[in-house]
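The values are calculated or read from the model by the stated rules, or taken from the named source; none is laboratory data. Predicted model only: the values in this text are computed from it and were never measured. All Cβ positions, even for glycine, are placed from backbone atoms using ideal geometry, and neighbour counts span all protein chains on display.
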Amino acid sequence: MLQKWLKQKCKIGVFFLSLFSSLVFATVELSDEAILSYNEGKFQEAINLYKKNLELGSEEILTYLNLATIYKDLTLYDSAIELLKGIKIKDEKIGNLLGRIYYLNGQPEEAIRYLKDQLYLGLCYEDLGNFSEAKKNYLKVTEQDENNIIALFRLAKIYVEEKNFEGAVDLYEKIKSLDPSITEVNKILANLYFKMEDFSKSYRAYAKAVIIKPEDLGLRQSLDSVKEKLPKEFFEKEKEREELLRRETSVFVRPVGVISGCPKVRIGISKSDSFDFKCMGNFEIRDKKKNILFRGKKDSIYRIILDKQRKKISLRDGKRRLLKVLDPPFLIKNILGSATICVFDLSFGEGQFWVRRVNRCFRGDIEVSLFRDRLSLINILNLEEYLYGVLPSEISSDSPFEALRAQAIAARTTALKKLGRHREEGFDLCSEVHCQVYEGASVEKEIINKAIDETRGLVITYKDASIDALYSANCGGHTQPNIFRGNLPYLEGTLDTDTEINFPLSPLDLEKYLLDFPDTFCSSKRADFRWKRIYGREDLEKIMNVGRLFKIIPLERSVSGHLKRIEVVGEDIAKIIEGELNIRKTFGNLRSSLFKIETKFNKNKEPEFFILYGGGFGHGVGMCQKGAIGMAKRGRDYLEIITHYFPQAKIKKWY
């Protein structure tokens, strides 16, 4: 009888254990499906799946938090609040998320009751006009994380309100050094320096702002206003300083000589109406038949000017006296192999936050031709010499040597694949990020040249063809699969860490991932790994052209978390923005498309500003440069680095 009773109890136990296991597996499967739906932008499906989890008896806090996070992403703040307030379990994560959502919903008093996060506490107190408490919280945030951009920004704003301009300037200068991609800081600093009557610094800040946004007439007018405050001596000294820099410019190189099988490349370095140059050695100007048109002297500055009406080009000396009238195209050629040709006041980085005017010296020859009624300057040299001027612009020279070697191979492969990309303009590659950043002999470093020489001719291949070995500064923790045209099977999304992290991430995990500094090869506390932004509604309206802006909804993500589509909803129009670069441009050239966004409502439930927190710098496809550095620091060689980022490709000796 006892045995029969025990047997029956065992059967019941097995049944309930089996039922429990089935429920656990069911909730796990539903959670996985919910994650996929969320990343594909199927939000209602994801919501239903998480709700079904709760119906199945899953009382896990994570289910509630993930569901509330989706509501938050969709600005359904009331639904998120109702859900979180209904949870019987008391947990700090729930309270903190509830507090953040109350704040975003324009209810700062309620938010303060729950919040532990000092950044959001500061934002709440600022919203309530309690600036002393806001300042205390922001200062605590910066003590714990001196690079917290939002805390620095809000603190600087309070200092401006308090007329503490010196304190505000210090903070804005720090923000600028931490993340120069926040270009509006130049205008803010220019205004503050003007108020402080430091007109020379105001002028330089406005000049930088104008270079970045030359189309902004308001900035140009402000620059002109500051000019009127400065004495003539200021500009005379600026001119003297520039002339001294030109005279002192002196770059010589070690000639490479002929490399069997190494192609010559034509690099477009400038389009302008005139330019000044000098050569480190005596030089010749030759026509395309190699006839000598002019012999020039070393270290003397010359100017070339285009006469657009006559389509003639005049060569003048340093005093602007006419020396020769030239027919394009022609070649400026150094006689001495170790000498370089220096071109002054080149525009570099147009359309980017790093745009500037620079003096640059180049190996090889410079061809001057006409393209669409402008002078086109083309640097002609061999591919290995070209790489000497690429790598220092793309990776720091103090990087581990194995990372430098990996970068050399990737850059060489990319150049070979893209040769002829600008054929219609008369050259192979441009000198900007569109192809690869190239700054000539001026930036060469011995250690980098050594890495290039030791990998000479090595190329990454797939099925015996050179690949487009794409790379970016920092992937943010996980590279993207191919987002560009064509079937590129060697470009896979790669987890940039030895630590196990399951991608794609849940709504909550993605949030934590972007607010934290996970242990990845590319992890750092710098703005190229994790960054933050805060945009006023009116600022975004100027950029987005949708009328009054209501909301911005992330729609679809790649496996890495990078956004593929967003929806911008305005009073005049609602539009879908697709593509990594287009999304970044929508926000005025964001560092990457890997980000989450929060919309802050005022008490009338109208958008007031938008908080973005993201990761990475660049498109995130192919090799992560910071990740390559991290791998090298952990003892991986260049072969392991390249295999990690291009797992289906091989390295081959090309020449």
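Structure above, values below:
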| item | result |
| --- | --- |
| Which listed residue is surrounded by fewer than 15 Cβ atoms within 10 Å (Cβ to Cβ), closer than 26 Å to residue 262 by Cα and among the hydrophobic types (A, V, I, L, M, F, W, C), from 452, 460, 447 | 447 |
| Tally of residues being closer than 16 Å to residue 364 by Cα and among the hydrophobic types (A, V, I, L, M, F, W, C) across region 276-294 | 5 |
| Matching option when the condition is under 25 Å from the mean Cα position of the chain (by Cα) and farther than 30 Å from residue 420 by Cβ, among 299, 317, 398, 307 | 398 |
| Filter result (under 18 Å from residue 36 (Cβ atoms) and of a type in the set (Ser, Thr, Tyr)) within region 59-82 | 63, 69 |
| Residue that is surrounded by the most Cβ atoms within 10 Å (Cβ to Cβ) [pool: residues in region 395-438 that are in contact with a Phe, Trp or Tyr (Cβ under 7 Å, 6 or more places away or on another chain) and not in a helix (DSSP H, G or I)] | 438 |
| Count - residues of region 330-348 that are surrounded by fewer than 17 Cβ atoms within 10 Å (Cβ to Cβ) and in a loop (DSSP other than H, G, I, E, B) | 4 |
| Residues of region 36-57 satisfying the condition of being of a type in the set (Asp, Glu) and either in the same structural domain as residue 554 (by TED's automatic domain parsing) or over 12 Å from residue 555 (Cα atoms) (or both) | 45, 55 |
| Helices (runs of 4 or more DSSP H) wholly inside region 51-116 that include at least 2 residues being closer than 20 Å to residue 514 by Cα, in contact with a Leu (Cβ under 6 Å, 6 or more places away or on another chain) and modelled with pLDDT of 95 or more | 61-73, 92-104 |
| Residue within region 563-574 that is hydrophobic (A, V, I, L, M, F, W, C), closer than 13 Å to residue 39 by Cβ and in contact with a Leu (Cβ under 9 Å, 6 or more places away or on another chain) present | yes |
| Index of the failed condition, residue 503 passing every other in (1) in contact (Cβ under 8 Å) with a residue 60 or more places away in the chain; (2) closer than 28 Å to residue 94 by Cβ | (1) |
| Counted residues, region 489-516 - those being over 24 Å from residue 634 (Cβ atoms) and surrounded by 19 or more Cβ atoms within 10 Å (Cβ to Cβ) | 7 |
| Number of the exception - residue 589 against (1) of a type in the set (S, T, N, Q); (2) within 19 Å of the chain's Cα centre (by Cα); (3) in a strand (DSSP E or B) | (3) |
| Test: residue in region 628-637 that is surrounded by fewer than 20 Cβ atoms within 10 Å (Cβ to Cβ), modelled with pLDDT of 95 or more and closer than 30 Å to residue 354 by Cα | yes |
| Filter result (of a type in the set (Gly, Ala, Ser), surrounded by fewer than 21 Cβ atoms within 10 Å (Cβ to Cβ) and either over 17 Å from residue 345 (Cα atoms) or not assigned by TED's automatic domain parsing to the domain that holds residue 166 (or both)) within region 202-221 | 218 |
| Wholly within region 250-311, strands (runs of 3 or more DSSP E) carrying at least 1 residues that are under 30 Å from residue 350 (Cα atoms) | 264-272, 274-279, 283-287, 302-307 |
| Test result for residue 301, at pLDDT 95 or above and over 23 Å from residue 427 (Cα atoms) | yes |
| Test for residue 72: is it in contact (Cβ under 8 Å) with a residue 60 or more places away in the chain and basic (Lys, Arg) | yes |
| Qualifying residues in region 325-350 (those that are of a type in the set (D, E, K, R) and at pLDDT below 95) - the one nearest to residue 373 (Cα to Cα) | 327 |
| Among (1) without any contact (Cβ under 8 Å) to a residue 60 or more places away in the chain; (2) within 26 Å of residue 412 (Cβ to Cβ); (3) aliphatic (A, V, I, L, M) - the single one residue 649 does not satisfy | (1) |
| From the options 469, 465, 411, 406, residue that is of a type in the set (A, V, I, L, M, F, W, C), over 27 Å from the mean Cα position of the chain (by Cα) and within 26 Å of residue 483 (Cβ to Cβ) | 465 |
| Residue identified as over 30 Å from residue 461 (Cα atoms) and not polar (S, T, N, Q) among 628, 574 | 574 |
| Selection within region 195-248 - within 31 Å of the chain's Cα centre (by Cα) and closer than 30 Å to residue 445 by Cβ | 204, 207, 208, 211, 212, 242, 245 |
| Scan of region 314-324 for residues that are at pLDDT 95 or above and closer than 18 Å to residue 272 by Cα, ordered by number | 314, 315, 316 |
| Selection from region 552-580 of residues that are in contact with a Lys or Arg (Cβ under 8 Å, 6 or more places away or on another chain), in a loop (DSSP other than H, G, I, E, B) and in contact (Cβ under 8 Å) with a residue 40 or more places away in the chain | 558, 579 |
| Lone qualifier among 152, 121, 98, 189 - being more than 21 Å from residue 612 (Cα to Cα), buried (at least 22 other Cβ atoms within 10 Å of the Cβ) and without any contact (Cβ under 8 Å) to a residue 40 or more places away in the chain | 189 |
| Condition met for residue 265 (among the aliphatic types (A, V, I, L, M), at pLDDT 95 or above and touching a helix residue (DSSP H, G or I) at 6+ places or on another chain (Cβ under 6 Å)) | yes |
